[in-house]
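What follows is a single structure, written as structure tokens, with notes after it.
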Amino acid sequence: MNIPSTNLPRLVIIGGGFAGVALARKMVKENVQLVLLDRQNYHTFQPLLYQVSTSSLEPDSIAYPLRKIIKRGKNAFFRMAEVASVDPKMQTIQTNIGNIPYDYLVIATGAKTNFFGNTKIENNAMRMKNLPQALNLRSLMLENLEQAVITTDPEKRKELLRFVLAGAGPTGVELAGGIAELKLNVLPKDYPDMDFDAMEIHLIEGSSRVLPPMSEFASKKAATFLKKLGVHIHTNTQVTNYENNLVSTNTDLSLKTATFIWSAGVTGAPVSGINAESLIPRANRYKVNEYNQIEGYSNIFAIGDISVMETAKYPKGHPMVAQPAIQQGSHLAKNLKYLLKGKTMTPFQYFDKGSMATIGRNKAVVDIGKFQFGGFFAWFIWMFIHLWFLVGFRNRFVTFFNWSYNYINYDKAARLIVRPFKNKEDTVERV
């Protein structure tokens, strides 16, 4: 890897997501050699991926170079690498660009899309966990619209103009709302010779309501917003197959569509080599103690979505969203500093800052403790929070400019097919 030998303790962080970045920022000037590994050279602000898919934002608005995050550290290094495995006995990490020993290892590999073992859906559905996938989805949707405007077959046009999403969590709800706003405010201007009354958006959810992790108030409010935007909601319905452009479910509902998006769940992205006893099989997440140490190890930690810290309030671990990851990364930095000074670590305590989802223009829902908000005020809170947590001033400025432009002009930033969607190679998720 061409990283210099050192007498300093070497801290290796695998993953440049919210957790890994929060930790790296706090440790970059400490008396350690910090090595950050990621298969991409940028951090992605995942909560806004759906806006890249729906042409509201360009990729550089929500991506930030990992090298810029650690540039202030004299002993900090970034390497673009795919991690193959870890050897805890030898304290070595094997990657596609070479091996590297460590003194302290932090696994922050996050999560990937969970297809629950359904290989046909995995092979045929679109997913949206990273920037290449978001761009693929944008290209596919725009290409299908271009095909719809020229086809003379009415049934084929219906198939091209029907968008089906599986999973009504925050990602599914936000994406459905984003597509609905395209239909109402943007696409009729781009395609004046096409009747968009024929365009359908279907949101399928296995539970009894949309946004199951949020409050009943947020769920009802979000469903009302979605229906006003023309989204068809199907609850208590599970998708069982997607093949030959046909979505099949466990009910009598079946839909022909050229755009099927899977947002029905996530699973951890573990690294090979850690004891199997430390991994929760179905969740693919590491069991950690209150200090984020992986069960059975003293110098290997896991933070963010890849970790499960069981507490009385969170018996299945903390929510797999940005805030627990950021807080665990920041807290682990404090504990590593304590370790380096020979002091006792302190247990992690999660401060729940609430949850939120946006459905469209002036439409959002927010749960903060006992308080629930819906509508314009919630939308304003959502916008402020997301701008605040974007990495880098330029990203905040560009995103704010695009949002302001979109809001004033009832338009989106760009509908460009800059990378045609031809196959599903780029939809594969690797650690």
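The values are calculated or read from the model by the stated rules, or taken from the named source; none is laboratory data. Owing to the predicted nature of the structure, the values given are computational and were not obtained by experimental measurement. Note that each Cβ is placed from the backbone with ideal geometry, even for glycine, and that neighbours are counted across all protein chains shown. These area figures cover heavy atoms from the full protein model, side chains too; ligands, DNA and RNA do not enter into them. Shrake-Rupley method; radii C 1.70, N 1.55, O 1.52, S 1.80 Å.
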Of these, Val35, Val52, which one is assigned to a strand (DSSP E or B) and at negative phi? Val35
Are there any pairs, at least 6 apart or on different chains, whose C-beta atoms fall under 7 Å, with the first in segment 278-301 and over 16 Å from Pro347 (Cβ atoms) and the second assigned to a loop (DSSP other than H, G, I, E, B) and open to solvent by 50 Å² or more (accessible area, probe 1.4 Å), and if so, which? Ser278/Glu295; Ser278/Gly296; Gly296/Asn275; Asn299/Asp103
Checking the structure you have, find out if any residue of segment 228-251 is surrounded by fewer than 22 Cβ atoms within 10 Å (Cβ to Cβ), in contact (Cβ under 8 Å) with a residue 40 or more places away in the chain, touching an Asp or Glu at 6+ places or on another chain (Cβ under 8 Å) and under 19 Å from Met128 (Cα atoms). yes
So which residues in segment 1-55 are among the basic types (Lys, Arg) and within 16 Å of the chain's Cα centre (by Cα), if there are any at all? Arg39
Residue among Val21, Val52, Val12, Val28 that alone is in contact with a Pro (Cβ under 8 Å, 6 or more places away or on another chain) and touching a residue at least 40 places away in the same chain (Cβ under 8 Å): Val52
Looking only at segment 140-154, filter to residues that are among the β-branched types (Val, Ile, Thr) and not in a helix (DSSP H, G or I); which one of those is surrounded by the fewest Cβ atoms within 10 Å (Cβ to Cβ)? Thr152
How many residues does segment 231-256 contain that are part of a strand (DSSP E or B) and more than 23 Å from the chain's Cα centre (by Cα)? 12
All positions within segment 46-76 that are aromatic (Phe, Trp, Tyr) and either under 19 Å from Leu105 (Cα atoms) or open to solvent by less than 10 Å² (accessible area, probe 1.4 Å) (or both): none
Tell me, yes or no, whether segment 286-304 has at least one residue that is within 21 Å of Arg127 (Cβ to Cβ) and open to solvent by less than 30 Å² (accessible area, probe 1.4 Å). yes
Under 9 Å by Cβ, and 6 or more places apart or on different chains, what pairs join a residue from segment 384-400 that is of a type outside the set (Asp, Glu) with one that is open to solvent by 100 Å² or more (accessible area, probe 1.4 Å) and in a helix (DSSP H, G or I)? Leu387/Phe400; Arg396/Trp388
Is it the case that some residue within segment 381-395 is open to solvent by less than 50 Å² (accessible area, probe 1.4 Å), at pLDDT 90 or above and not in a loop (DSSP other than H, G, I, E, B)? yes
I'm trying to understand the selection: among the residues of segment 257-279, which are buried (at least 16 other Cβ atoms within 10 Å of the Cβ) and not in a loop (DSSP other than H, G, I, E, B)? Thr259, Phe260, Ile261, Trp262, Val266, Thr267, Gly268, Ser278, Leu279
Just to be sure before I move on: is Leu211 open to solvent by less than 60 Å² (accessible area, probe 1.4 Å), under 30 Å from Pro347 (Cα atoms) and among the hydrophobic types (A, V, I, L, M, F, W, C) in the structure I sent? no
Which residues, counting only those in segment 361-378, are buried (at least 20 other Cβ atoms within 10 Å of the Cβ), touching a Ser or Thr at 6+ places or on another chain (Cβ under 7 Å) and either within 21 Å of Val186 (Cα to Cα) or not charged (D, E, K, R) (or both)? Ala364
So, first residue touching a residue at least 40 places away in the same chain (Cβ under 8 Å) in segment 82-95, second residue surrounded by fewer than 16 Cβ atoms within 10 Å (Cβ to Cβ) and assigned to a loop (DSSP other than H, G, I, E, B), Cβ within less than 6 Å, six or more apart or across chains; the pairs are Glu82/Asn96
Tally the residues that are modelled with pLDDT of 95 or more and open to solvent by 50 Å² or more (accessible area, probe 1.4 Å), restricting the search to segment 321-339. 4
